[in-house]
Amino acid sequence: MQYEIGQTYQFKFAQLIRSAKYNVRSKQERSAKKYLEGLEELAALILAQGLLQNMIGFQQTKGKRFLDIIEIVGGGRRFDAIALLVERKLIDPETFDIEVRICSVSEALAKSLTENSGREALPPADQYRAFTALI
């Protein structure tokens, strides 16, 4: 099956791979202590709340044939956090659904860069107000 570019589909985690070529976050950064600590927190949040934001990826091909494998270019931290949960057997990769917006291979690097740019952390005062409201 060929997936339509620009559309969002549900995939099983087992159908996804993290793009080595088109994801802008370096392998060195992903092995840094700060990244790994943040991954623990993100994994816990995903386990508690589910996946709240879709990933971005493109469909792999072999020759002219479309494969049922999606290469993730946006949402790599979410992918890594879910992989951690799979490794710990806290979720099943064959049943865990993930929304992925399909892009073309030619858009992949730009999408990855865009998703990793322009982010701003929530100010502590806003976090405090939100947690107070939850209590």
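The values are calculated or read from the model by the stated rules, or taken from the named source; none is laboratory data. These numbers come from a predicted model, not from an experiment. As a convention, Cβ positions derive from the backbone with ideal geometry for all residues, glycine included, and neighbour counts pool all protein chains shown. SASA here: full protein model, heavy atoms, side chains in, ligands and nucleic acids out. Shrake-Rupley method; radii C 1.70, N 1.55, O 1.52, S 1.80 Å.
What is the antiparallel percent of DSSP beta bridges lying wholly in the chain, to the nearest 5?
65
Treating the beta-carbon of each Lys and Arg as +1 and of each Asp and Glu as -1, no other charges, what is the dipole magnitude of the chain about its Cα centre, to the nearest 20 debye?
It comes to approximately 440 debye.
Tilt of helix 105-115 relative to the longest C-alpha principal axis of the chain, in degrees (0 to 90, nearest 10)?
For 105-115 against the chain, the angle is about 10 degrees.
Relative contact order of the chain, please, whole-number percent, based on alpha carbon pairs below 8 angstrom and at least 6 residues apart.
The value is 38 percent.
Could you work out how far the C-alpha centroid of the stretch 32-105 sits from that of the stretch 1-16, in angstrom?
Distance between centres, Cα-based: 12 Å.
Count the lysine pairs in the chain that are 8 or more places apart or on different chains: how many have C-alpha atoms under 28 angstrom apart?
Eligible lysine pairs with Cα atoms under 28 Å apart amount to 21.
Rolling a 1.4 Å sphere over the protein heavy atoms, what is the accessible area per residue of the stretch 74-135, to the nearest Å²?
67
Using a 1.4 Å probe over the heavy atoms of the protein chains, calculate the carbon and sulfur portion of the accessible area of the stretch 3-71 as a whole percent.
53
What figure in square angstrom, to the nearest 10, would you give for the accessible area of Lys62 with a 1.4 Å probe?
Around 140 Å² of this residue is reachable by solvent.
Of the options Gly63, Ile46, Ala14, report the single residue whose Cα projects farthest towards the positive end of the charge dipole of the chain (beta-carbon charges: Lys, Arg +1; Asp, Glu -1).
Looking along the dipole axis, the top candidate is Gly63.
Tell me what the chain gives for mean residue ellipticity at 222 nm when only DSSP H runs of n ≥ 4 count, each as -39,500 (n - 2.57), the sum divided by the residue total, rounded to 500 deg cm²/dmol.
It lands at -12500 deg cm²/dmol.
Can you give the accessible area of Thr61 in Å² (nearest 10), computed on protein heavy atoms with a 1.4 Å probe?
Its accessible surface works out to 80 Å², give or take rounding.
Pairing the Cα long axis of helix 124-134 with the longest principal axis of the chain, what angle in degrees results, from 0 to 90 and rounded to the nearest 10?
So the inclination is approximately 90 degrees.
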